Amino acid sequence: MTSKLVLSPHFDDAVFSTWDILVRERKNITNVTFCGGVPPEECVMTHWDGMCGFNSAREAAQKRAVEDANACEIAGVNWKHLDFLDLPYSKEKSIADIEEVLEKLVPDFDVVIAPIGIGQHQDHIVIRDAIISVYKKSRSFELVFYADCPYASVNGWDSDDSSKELDYQWSYALSQVEKQGVRLLEPTRIEFSETQVLEKLVAAKTYESQLKGLLEYYPALLETDGCFSVEVTWKCESVE
Ligand SMILES: [Zn+2]
């Protein structure tokens, strides 16, 4: 069996966006979360972490790490937390720093699964662009992209780009990838049965603190025909 590496900028990204792959492959998967670092004591907590019910930035990072370990246990995958900080607690990450980490990680894997960057979160974009660069240099693994949840289904899974702000438009994220010399193949769309969504929701609800914040913006997040009912991935090929 091939070994697969899932790149999660934040703790919930793999479970929210690649559940189908995680539970199909289980122990062949390693889910690496980049922003797994714990901010220093003196760090002023963000509004978001307050919305998630925390009293400090440290408490938020520590609790989220435990939630993620529990979710990965449910999925049955291997996991690893790196010590980058979430964007509000760090300056913009440098692509060179992320590339350096990826160059050490990827030789152990046949397939790397990365965010495509819908939503334009800087942590997602820098990891996407770094893995594209490493992919073009090494060509030693297959590269697959995933649609970032919940951003990808912001107006529902079947809504047209014209109804969305630029950051949430699929065509914008896809064009950013293709501009870097990567040709995306036809997407694979998985539609879960109600039973499968309910299984995914058990793991998704493990990110209890994150959901407190997300539900403010995505009130239908946990509905069985909502955000978690579909996943989309793209295989690709390098054209440079
Ligand atoms: Zn994320």
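Data for the structure
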{"quantity": "Lys104 being away from the ligand (no atom under 16 Å from the Cβ), under 16 Å from Val126 (Cβ atoms) and over 17 Å from the mean Cα position of the chain (by Cα)", "calculated": "no"}
{"quantity": "Some residue of the range 187-206 being assigned to a helix (DSSP H, G or I), within 16 Å of the ligand (Cβ to nearest atom) and closer than 26 Å to Lys91 by Cα", "calculated": "no"}
{"quantity": "Some residue of the range 219-231 being part of a strand (DSSP E or B), more than 18 Å from His121 (Cα to Cα) and either more than 18 Å from the chain's Cα centre (by Cα) or of a type outside the set (A, V, I, L, M, F, W, C) (or both)", "calculated": "yes"}
{"quantity": "Single residue of the range 136-162 satisfying the filter (part of a helix (DSSP H, G or I), over 18 Å from the mean Cα position of the chain (by Cα) and not small (Gly, Ala, Ser)) that is surrounded by the fewest Cβ atoms within 10 Å (Cβ to Cβ)", "calculated": "Lys137"}
{"quantity": "Filtered residues of the range 20-50 (kept if part of a helix (DSSP H, G or I), away from the ligand (no atom under 16 Å from the Cβ) and not basic (Lys, Arg))", "calculated": "Asp20, Ile21, Val23, Glu25, Asn28, His47, Gly50"}
{"quantity": "Filter result for Leu185 (surrounded by fewer than 13 Cβ atoms within 10 Å (Cβ to Cβ) and of a type outside the set (S, T, N, Q))", "calculated": "yes"}
{"quantity": "Of the criteria (1) of a type in the set (S, T, N, Q); (2) closer than 23 Å to Asp12 by Cα; (3) at pLDDT 95 or above, which one Ser171 fails", "calculated": "(2)"}
{"quantity": "Qualifying residue in the range 116-124 (condition: farther than 28 Å from Leu198 by Cβ and surrounded by fewer than 20 Cβ atoms within 10 Å (Cβ to Cβ))", "calculated": "yes"}
{"quantity": "Residues of the range 188-218 classified as of a type in the set (A, V, I, L, M), surrounded by fewer than 17 Cβ atoms within 10 Å (Cβ to Cβ) and over 17 Å from the mean Cα position of the chain (by Cα), total", "calculated": "3"}
{"quantity": "Number of the condition not met by Asp83 [criteria: (1) under 14 Å from His10 (Cβ atoms); (2) surrounded by 19 or more Cβ atoms within 10 Å (Cβ to Cβ); (3) away from the ligand (no atom under 15 Å from the Cβ); (4) not basic (Lys, Arg)]", "calculated": "(2)"}
{"quantity": "Set Asp68, Asp123, Asp167: member being within 14 Å of the ligand (Cβ to nearest atom), over 15 Å from the mean Cα position of the chain (by Cα) and not small (Gly, Ala, Ser)", "calculated": "Asp167"}
{"quantity": "Qualifying residue in the range 14-36 (condition: over 21 Å from Ala152 (Cβ atoms) and in contact with a helix residue (DSSP H, G or I) (Cβ under 7 Å, 6 or more places away or on another chain))", "calculated": "yes"}
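Conditions (1) touching a Lys or Arg at 6+ places or on another chain (Cβ under 6 Å); (2) farther than 30 Å from Met51 by Cβ; (3) small (Gly, Ala, Ser), marked per residue:
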position	(1), (2), (3)
Val126	yes, no, no
Ala130	no, no, yes
Ser140	no, yes, yes
Lys164	no, no, no
Trp170	no, no, no
Ser193	no, yes, yes
Tyr207	no, no, no
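Residue-wise test of (1) farther than 25 Å from Ser90 by Cα; (2) in contact with a Ser or Thr (Cβ under 6 Å, 6 or more places away or on another chain); (3) of a type in the set (A, V, I, L, M, F, W, C).
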{"position": "Gln122", "(1), (2), (3)": "no, no, no"}
{"position": "Ile125", "(1), (2), (3)": "no, no, yes"}
{"position": "Leu143", "(1), (2), (3)": "yes, no, yes"}
{"position": "Tyr151", "(1), (2), (3)": "no, no, no"}
{"position": "Gly156", "(1), (2), (3)": "yes, no, no"}
{"position": "Ser159", "(1), (2), (3)": "yes, no, no"}
{"position": "Ser175", "(1), (2), (3)": "yes, no, no"}
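The values are calculated or read from the model by the stated rules, or taken from the named source; none is laboratory data. All values derive from a computational prediction rather than experimental measurement. A quick note on method: Cβ atoms are made from the backbone with ideal geometry, for glycine too, and the neighbour counts reach across all protein chains shown.
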